[in-house]
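Student: Questions regarding the structure given below will be posed in turn.
The values are calculated or read from the model by the stated rules, or taken from the named source; none is laboratory data. From a predicted model like this one, the values you see are computed outputs, not experimental measurements. Here the Cβ is made from the backbone with ideal geometry for all residues, glycine too, and neighbour counts use every protein chain on show.
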Amino acid sequence: MPKTMFEKIWEAHEVRENLLYIDLHLVHEVTSPQAFEGLRMTGRKLRRPDKTVATADHNVPTDGTPAAAMIKDALSRKQVETLEQNAADFGVPVYSLGSETQGIVHVIGPELGLTQPGMTIVCGDSHTSTHGAFGALAFGIGTSEVEHVMATQTLVQNKPKTMRINYHGKLGEGVTSKDLILATIGKLSTSGMTGYVVEYAGEAIENLTMEQRMTVCNMTIEGGGKAGMIAPDETTFEYMRGKPGVPEDFEAAVGRWKKLPTDEGATFDSEINIDATRISPMVTWGTTPGMVIQVTDTVPDPEKMDSPADKEAAERALQYMGLEAGTPMEEIRPERVFIGSCTNSRISDLREAAGAIKGRKVADSVRAMVVPGSALVKAQAEDEGLDEIFREAGFEWRGAGCSMCLGMNPDILIEGERCASTSNRNFEGRQGKGGRTHLVSPTMATAAAIEGHFVDIRNWS
Amino acid sequence: MESISTIEGEVAVLDRSDVDTDQIIPKQFLKRVERTGYGEFLFYDWVRDGEIELEPHPILVSGRNFGSGSSREHAVWALHQFGFQAVIAPSFSDIFYSNSTKNGFLPVVLDDEDCQKIVEAGQAKIDLESQTVSWDGGEASFEIDSEIKRRLLGGLDDIALTLQSEDEIEAFEAGPGGTYGPVTTSL
Ligand code: SF4
């Protein structure tokens with residue numbers, strides 16, 4: 001019987017029904033301390049340190065502070081120190097602050113070659129879906145499950161439903177994978193993928209680079225999905241070749257990975273078709289990623305919404321965002337710009353953003369920063385001189401970490417500040433209490449930084 | 001984990017949809033390395049701004065897509081430690097739902113209409129064994145996975161249960177399934 005990629009991976013990892021073996025467990029400092037503590041209290045060992053890797057990302061300051069001991073915030077410091085101690089006690093390799101390979105957990109997995117097709121990957125972080133871009137089954141778990149994986153290298157799981165989204169045609173000039181996923185969430189809503197593992201397919205997906213594919217899978221969780229996946233192909237293998245963690249018998253592994261894509265005729269619980277040629281550059285206007293429209297549109301009018309719940313939510317959102325219905329999106333003026341996060345902080349994101357600058361300067365009304373996703377991305381960008389281009393234009397160039405994606409470190413918005421952000425969540429207070437977030441692609445963020453308001457990147461020379 | 005059989009009492013109401021975990025427990029409170037001490041910070045920003053007022057009743061009723069966003073289990077700990085024992089909503093995010101059931105905290109899915117009736121009744125009784133919610137003037141049944149239900153009713157420790165199958169895990173690791181993926185310790 002023809003099988004979906006998801007089914008092939010699921011079946012290959014079933015220890016028994018509903019008990020799934022985990023090939024790679026990624027650990028970070030925020031969601032792991034209670035799990036390590038649980039192991040200690042019950043006298044359990046961490047079963048497979050060789051399938052586990054830890055990094056510090058959420059708490060780390062990005063202003064160049066070299067070591068955990070230098071984190072000024074005592075609680076943040078304690079979390080990072082706890083991670084280092086736990087990793088040492090349980091034999092887990094750790095890339096903490098100061099390590100050449102420290103970075104956002106979802107950036108370092110792929111760049112170290114740890115993320116591979118056909119694997120099951122989990123992490124106590126919802127954006128674990130990112131790794132599905134390689135044709136892996138990757139999803140976020142809570143701390144109790146983190147402890148369960150540590151102790152047993154397995155997870156108790158009910159088989160999720162499957163969805164395939166087929167994108168027909170090519171993306172237009174200036175339209176990015178960030179716009180593709182934002183438009184998809186806008187269409188399906190923030191719970192449209194709930195309960196599903198989603199496979200993204202079609203010409204527009206095949207044409208994406210690995211890093212662009214990661215952006216798509218990353219935001220699966222914003223659509224409520226359990227995991228996002230994209231079939232591995234030459235683009236995938238090319239990206240992986242030569243990375244430190246990949247199999248020694250790489251060509252043989254490629255042969256195995258080529259068997260992973262969904263078979264012709266396999267069925268999904270749900271199939272959705274989207275015309276990729278009609279996707280435009282997108283900007284969120286509200287406080288969920290589903291509240292998103294084309295940059296050429298105007299802020300929607302709650303009065304015109306169908307359901308009372310949508311109307312109420314939109315009214316609340318507009319009030320929080322300080323926006324009025326009918327305002328053209330291009331007239332909205334962010335004071336802050338953030339290029340970074342596990343959605344858009346990889347080298348190609350930074351290249352695109354830097355490439356859009358073309359000698360121009362950040363508007364006087366804007367404070368803009370660029371935060372590479374990992375220490376390796378940072379080093380690579382500096383090798384290519386991107387840091388100079390950004391600095392020259394008036395962007396701040398920072399160290400690697402989650403930074404202003406969630407404001408658990410010193411990088412935050414102040415009350416009422418409006419930010420064009422390449423991250424993934426525009427929830428109330430996400431980037432700092434009272435902060436107003438508009439999610440966009442890296443080039444749209446760059447253009448907003450320079451012009452001081454949103455612009456349609458397609459008409460921006 | 002504490003076992004659950006029935007949960008009964010007044011309901012607290014949070015009449016919003018898409019309540020995300022960033023709201024339930026804002027990130028500044030995620031810096032603790034313990035499992036406790038989160039209850040007092042529940043919905044911190046909304047409470048501090050006077051937008052909502054919540055009583056620690058046994059049951060919370062809220063809108064669709066409850067617990068969306070970040071995977072932080074701290075959200076469940078905060079709700080539980082504040083005093084809630086169950087949340088009733090038309091839908092939940094997957095991770096939040098799963099996290100709840102690992103903590104003896106009961107997520108109950110009922111449609112909008114039933115949620116409204118419970119809000120109006122002001123009190124309810126959830127019976128896990130019979131999978132029903134009853135209130136003054138009405139009753140509804142809810143779905144729950146039988147394995148999750150068994151674990152909740154018995155207050156069973158997931159890890160201990162899985163470790164009973166350690167032989168099977170070892171056998172799996174010895175087979176072809178044990179060979180996927182990198183060896184992190186050799187990098
Ligand atoms: S960059 Fe943002 S979304 Fe990604 S792991 Fe860090 S905090 Fe989470």
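Student: For the structure I just gave you, tell me whether A:Ala449 is more than 19 Å from the chain's Cα centre (by Cα) and either of a type in the set (A, V, I, L, M) or under 16 Å from A:Ile332 (Cβ atoms) (or both). If you could, list the steps in order and put the result at the bottom.
Tutor: On the way: more than 19 Å from the chain's Cα centre (by Cα): yes; either of a type in the set (A, V, I, L, M) or under 16 Å from A:Ile332 (Cβ atoms) (or both): yes.
So A:Ala449 fits the description; yes.
Student: Restrict the check to region A:199-222 and report whether at least one residue is crowded, with 24+ Cβ neighbours inside 10 Å and in a loop (DSSP other than H, G, I, E, B).
Tutor: So far as region A:199-222 goes, no, none of its residues is crowded, with 24+ Cβ neighbours inside 10 Å and in a loop (DSSP other than H, G, I, E, B).
Student: Another question, then. Can you pull out every residue in region A:28-59 that is of a type outside the set (Val, Ile, Thr), farther than 23 Å from A:Leu137 by Cβ and assigned to a helix (DSSP H, G or I)? Give the derivation first.
Tutor: Residues of region A:28-59 of a type outside the set (Val, Ile, Thr): A:28-29, A:32-41, A:43-51, A:54, A:56-59.
Among the residues that remain, those that are also farther than 23 Å from A:Leu137 by Cβ are: A:29, A:33-34, A:36-41, A:43-45, A:56, A:58-59.
Once the filter is applied, which keeps residues that are of a type outside the set (Val, Ile, Thr), farther than 23 Å from A:Leu137 by Cβ and assigned to a helix (DSSP H, G or I), region A:28-59 yields A:Pro33, A:Gln34, A:Phe36, A:Glu37, A:Gly38, A:Leu39, A:Arg40, A:Met41.
Student: Residue under question is A:Glu312, and the condition is that it be in contact (Cβ under 8 Å) with a residue 12 or more places away in the chain, more than 16 Å from the ligand (Cβ to nearest atom) and not aliphatic (A, V, I, L, M); does it hold?
Tutor: Values: in contact (Cβ under 8 Å) with a residue 12 or more places away in the chain: no; more than 16 Å from the ligand (Cβ to nearest atom): yes; not aliphatic (A, V, I, L, M): yes.
So A:Glu312 does not fit the description; no.
Student: Checking A:Asn158 against (1) out of contact with any strand residue (DSSP E or B) (no Cβ under 8 Å at 6 or more places or on another chain); (2) of a type outside the set (A, V, I, L, M, F, W, C); (3) within 14 Å of chain B (Cβ to nearest Cβ); (4) assigned to a helix (DSSP H, G or I), which single condition isn't satisfied?
Tutor: All conditions pass for A:Asn158, except number (4).
Student: Next up: Residues to consider are B:Ser100, B:Ser70, B:Ser91; find the one that is within 25 Å of A:His127 (Cα to Cα), crowded, with 16+ Cβ neighbours inside 10 Å and at pLDDT below 95.
Tutor: Numbers: B:Ser100 fails: at pLDDT below 95; B:Ser91 fails: at pLDDT below 95.
After ruling out the rest, the residue left standing is B:Ser70.
Student: Does A:Val30 fit the bill of being buried (at least 19 other Cβ atoms within 10 Å of the Cβ), facing chain B (nearest Cβ under 9 Å) and at pLDDT 95 or above?
Tutor: Numbers: buried (at least 19 other Cβ atoms within 10 Å of the Cβ): yes; facing chain B (nearest Cβ under 9 Å): yes; at pLDDT 95 or above: no.
So A:Val30 fails the test.
Student: In addition: The conditions are (1) over 15 Å from the mean Cα position of the chain (by Cα); (2) crowded, with 22+ Cβ neighbours inside 10 Å, and A:Arg241 fails exactly one of them. Which is it?
Tutor: (2) is the only condition that A:Arg241 fails.
Student: Test of understanding: among A:Val362, A:Val371, A:Val299, A:Val366, which residue is surrounded by 17 or more Cβ atoms within 10 Å (Cβ to Cβ) and within 16 Å of the ligand (Cβ to nearest atom)?
Tutor: Values: A:Val362 fails: within 16 Å of the ligand (Cβ to nearest atom); A:Val299 fails: within 16 Å of the ligand (Cβ to nearest atom); A:Val366 fails: within 16 Å of the ligand (Cβ to nearest atom).
Among A:Val362, A:Val371, A:Val299, A:Val366, only A:Val371 is surrounded by 17 or more Cβ atoms within 10 Å (Cβ to Cβ) and within 16 Å of the ligand (Cβ to nearest atom).
Student: Which ones in region A:102-137 are of a type in the set (Val, Ile, Thr) and either part of a loop (DSSP other than H, G, I, E, B) or touching a Pro at 6+ places or on another chain (Cβ under 7 Å) (or both)? Can you show your working first?
Tutor: Step one: of region A:102-137, the residues of a type in the set (Val, Ile, Thr) are A:104-105, A:107-108, A:115, A:120-122, A:128, A:130.
If the condition is that a residue be of a type in the set (Val, Ile, Thr) and either part of a loop (DSSP other than H, G, I, E, B) or touching a Pro at 6+ places or on another chain (Cβ under 7 Å) (or both), then A:Ile104, A:Thr115 are the ones that fit.
Student: How many residues does region B:8-37 contain that are among the β-branched types (Val, Ile, Thr) and at the interface with another protein chain (Cβ under 8 Å from one of its Cβ atoms)?
Tutor: Quick first cut of region B:8-37, residues among the β-branched types (Val, Ile, Thr) only: B:11, B:13, B:19, B:21, B:24-25, B:33, B:36.
So of that shortlist, the ones also at the interface with another protein chain (Cβ under 8 Å from one of its Cβ atoms) come out as B:33.
The qualifying residues number 1.
Student: Could you please give the count of residues in region A:374-386 that are within 15 Å of the ligand (Cβ to nearest atom) and either within 14 Å of chain B (Cβ to nearest Cβ) or under 16 Å from the mean Cα position of the chain (by Cα) (or both)?
Tutor: Initially, region A:374-386 is screened for residues within 15 Å of the ligand (Cβ to nearest atom), giving A:374-375, A:377-378.
Now restrict to residues that are either within 14 Å of chain B (Cβ to nearest Cβ) or under 16 Å from the mean Cα position of the chain (by Cα) (or both): A:374, A:377.
Qualifying residue count, region A:374-386: 2.
Student: What are the pairs, 6+ residues apart or on separate chains, where a residue within region A:171-200 that is within 14 Å of chain B (Cβ to nearest Cβ) has its Cβ under 6 Å from a residue that is among the hydrophobic types (A, V, I, L, M, F, W, C) and part of a helix (DSSP H, G or I)?
Tutor: Filtered contacts from region A:171-200: A:Val197/A:Phe6.
Student: Let me ask you something else. Go through (1) surrounded by fewer than 14 Cβ atoms within 10 Å (Cβ to Cβ); (2) touching a residue at least 40 places away in the same chain (Cβ under 8 Å) one by one and return the number of the condition B:Asp167 breaks.
Tutor: Only one criterion is unmet by B:Asp167, namely (2).
Student: Kindly provide the set of residues from region A:70-81 that are modelled with pLDDT under 85 and out of contact with any helix residue (DSSP H, G or I) (no Cβ under 7 Å at 6 or more places or on another chain), ordered by number. Outline the logic, then answer.
Tutor: At the first step, the residues of region A:70-81 found to be modelled with pLDDT under 85 are A:70-77.
Scanning region A:70-81 gives A:Met70, A:Lys72, A:Asp73, A:Ala74, A:Leu75, A:Ser76.
Student: Give the number of residues within region A:251-267 that are assigned to a helix (DSSP H, G or I), in contact (Cβ under 8 Å) with a residue 40 or more places away in the chain and exposed (fewer than 10 other Cβ atoms within 10 Å of the Cβ).
Tutor: Of all residues in region A:251-267, those assigned to a helix (DSSP H, G or I) come to A:251-257.
Of the ones still in play, those that are also in contact (Cβ under 8 Å) with a residue 40 or more places away in the chain are A:253, A:256-257.
Retained after the next criterion (residues that are exposed (fewer than 10 other Cβ atoms within 10 Å of the Cβ)): none.
Number of matching residues: 0.
Student: Here's something else I'd like to know. A:Ile389 passes all but one of (1) within 16 Å of the ligand (Cβ to nearest atom); (2) part of a helix (DSSP H, G or I); which number fails?
Tutor: With (1) within 16 Å of the ligand (Cβ to nearest atom); (2) part of a helix (DSSP H, G or I) applied to A:Ile389, the lone miss is (1).
Student: Kindly provide the set of residues from region A:1-27 that are within 11 Å of chain B (Cβ to nearest Cβ), in a loop (DSSP other than H, G, I, E, B) and β-branched (Val, Ile, Thr), ordered by number. Break it down into steps so the answer makes sense when it comes.
Tutor: Initial filter on region A:1-27 (within 11 Å of chain B (Cβ to nearest Cβ)): A:9, A:11-27.
From the residues that got through so far, the ones that are in a loop (DSSP other than H, G, I, E, B) too are A:13, A:17-18, A:22-23.
Hit for region A:1-27 is A:Ile22, nothing else.
Student: Also: So, in region A:201-220, exactly how many residues are more than 14 Å from chain B (Cβ to nearest Cβ), within 16 Å of the ligand (Cβ to nearest atom) and polar (S, T, N, Q)?
Tutor: Residues in region A:201-220 being more than 14 Å from chain B (Cβ to nearest Cβ), within 16 Å of the ligand (Cβ to nearest atom) and polar (S, T, N, Q): 1 in total.
Student: When both residues are 6+ apart or on different chains and their Cβ atoms are under 6 Å apart, which pairs have a first residue that lies in region B:148-163 and is at the interface with chain A (Cβ under 8 Å from one of its Cβ atoms), and a second that is surrounded by 13 or more Cβ atoms within 10 Å (Cβ to Cβ) and in a helix (DSSP H, G or I)?
Tutor: B:Asp158/A:His148; B:Ile159/A:His148; B:Ile159/A:Ala151; B:Thr162/A:Thr152
Student: Something else: Going through region A:88-125 one residue at a time, which ones are within 11 Å of chain B (Cβ to nearest Cβ) and more than 19 Å from A:Gln153 (Cα to Cα)?
Tutor: To start, the set of residues in region A:88-125 that are within 11 Å of chain B (Cβ to nearest Cβ) comprises A:91-95, A:101, A:108-109, A:112-125.
The answer is A:Tyr95, A:Thr101, A:Ile108, A:Leu112, A:Gly113.
Student: Let me ask something additional. Looking only at region A:315-354, which residues are in a loop (DSSP other than H, G, I, E, B), hydrophobic (A, V, I, L, M, F, W, C) and within 16 Å of the ligand (Cβ to nearest atom)? Don't jump to the end; show me each part of the working.
Tutor: Of all residues in region A:315-354, those in a loop (DSSP other than H, G, I, E, B) come to A:322-327, A:332-335, A:340-346.
Still in the list and also hydrophobic (A, V, I, L, M, F, W, C): A:323, A:325, A:332, A:342.
The one that is in a loop (DSSP other than H, G, I, E, B), hydrophobic (A, V, I, L, M, F, W, C) and within 16 Å of the ligand (Cβ to nearest atom): A:Cys342.
Student: Looking at B:Val76, B:Val183, which is the one that is within 13 Å of the chain's Cα centre (by Cα) and within 29 Å of A:Ile221 (Cα to Cα)?
Tutor: Working: B:Val183 fails: within 13 Å of the chain's Cα centre (by Cα).
The unique qualifying residue is B:Val76.
Student: Looking at (1) part of a loop (DSSP other than H, G, I, E, B); (2) more than 30 Å from B:Glu34 (Cα to Cα), which is the one condition that is false for A:Met163?
Tutor: Tallying (1) part of a loop (DSSP other than H, G, I, E, B); (2) more than 30 Å from B:Glu34 (Cα to Cα), A:Met163 fails exactly one: (1).
Student: To continue, here is another question. Can you name every residue in region A:102-143 that is within 16 Å of the ligand (Cβ to nearest atom) and among the polar types (S, T, N, Q)?
Tutor: Passing the criteria: A:Gln102, A:Thr115, A:Ser126, A:Thr128, A:Ser129, A:Thr130, A:Thr143.
Student: How many residues does region A:400-411 contain that are at pLDDT 90 or above and surrounded by fewer than 24 Cβ atoms within 10 Å (Cβ to Cβ)?
Tutor: Counting residues in region A:400-411 that are at pLDDT 90 or above and surrounded by fewer than 24 Cβ atoms within 10 Å (Cβ to Cβ) gives 0.
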